[in-house]
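One structure below.
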Amino acid sequence: QVHVVESGGGLVQAGGSLRLSCAASGSIFSINDMGWYRQAPGEQRELVAAISSGGRLNYADSVKGRFTISRDNAKNTVYLQMSSLKPKDTAVYYCNAVASDLQTGYEYMYWGQGTQVTVSS
């Protein structure tokens with residue numbers, strides 16, 4: 001079982017910055033890929049950014065150049081630095097972790113509870 005906890009959300013004015021963090025813990029799992037998704041009311045959940053254990057990056061077009069994802073493998077922690085925030089970035093942001101069971105090798109997907117990001121105009 002992997003426990004995923006994210007934090008760092010809040011209220012910020014347009015043009016401001018926030019830094020989200022997410023820590024995944026589990027003694028019998030190996031964390032492979034980690035990423036951030038977001039979901040606004042009435043809309044589908046969408047990928048924001050993802051990073052593999054080897055550092056391969058993937059960003060949504062809407063956040064390229066403004067958001068930066070990074071990872072500390074030793075701490076199983078992923079960060080999302082958000083700058084030049086826009087009202088359209090307002091959403092609940094969820095951390096995602098793909099982990100392998102060390103005994104079987106099977107992969108499982110885990111989600112954090114979510115953290116609210118609100119950007120005012």
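The values are calculated or read from the model by the stated rules, or taken from the named source; none is laboratory data. Keep in mind that what you see is a predicted model, and the values were worked out from it rather than measured. Here Cβ is always computed from backbone atoms with ideal geometry, including for glycine, and neighbour counts include all displayed protein chains. The protein model used for the area step is the full one, side chains on, heavy atoms only, and it has no ligands, DNA or RNA in it. Shrake-Rupley method; radii C 1.70, N 1.55, O 1.52, S 1.80 Å.
Miscellaneous remarks
- Matching option when the condition is open to solvent by less than 70 Å² (accessible area, probe 1.4 Å), outside any strand (DSSP E or B) and either closer than 16 Å to MET109 by Cβ or among the charged types (D, E, K, R) (or both), among SER53, SER30, SER62: SER53
- Condition met for TYR79 (surrounded by 13 or more Cβ atoms within 10 Å (Cβ to Cβ), more than 20 Å from GLY15 (Cβ to Cβ), in contact (Cβ under 8 Å) with a residue 24 or more places away in the chain and touching an Asp or Glu at 6+ places or on another chain (Cβ under 7 Å)): no
To keep it simple, each residue is scored yes or no on (1) out of contact with any Gly (no Cβ under 6 Å at 6 or more places or on another chain); (2) among the basic types (Lys, Arg); (3) modelled with pLDDT of 95 or more.
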{"site": "ARG38", "(1), (2), (3)": "yes, yes, yes"}
{"site": "GLU46", "(1), (2), (3)": "yes, no, yes"}
{"site": "ASN58", "(1), (2), (3)": "yes, no, yes"}
{"site": "THR68", "(1), (2), (3)": "yes, no, yes"}
{"site": "ALA74", "(1), (2), (3)": "yes, no, no"}
{"site": "TYR79", "(1), (2), (3)": "yes, no, yes"}
{"site": "MET82", "(1), (2), (3)": "yes, no, yes"}
{"site": "THR90", "(1), (2), (3)": "yes, no, yes"}
{"site": "TYR94", "(1), (2), (3)": "no, no, yes"}
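- Members of the range 7-27 that are open to solvent by 70 Å² or more (accessible area, probe 1.4 Å) and either assigned to a strand (DSSP E or B) or modelled with pLDDT of 95 or more (or both): LEU11, GLN13, ARG19
- Test: residue in the range 93-114 that is more than 12 Å from the chain's Cα centre (by Cα), open to solvent by 80 Å² or more (accessible area, probe 1.4 Å) and of a type in the set (A, V, I, L, M, F, W, C): yes
- Hey, ASP89 open to solvent by less than 90 Å² (accessible area, probe 1.4 Å), acidic (Asp, Glu) and touching a strand residue (DSSP E or B) at 6+ places or on another chain (Cβ under 6 Å) or not: yes
- Of the residues making up the range 8-27, those that are under 28 Å from TYR106 (Cα atoms) and hydroxyl-bearing (Ser, Thr, Tyr) are SER21, SER25, SER27.
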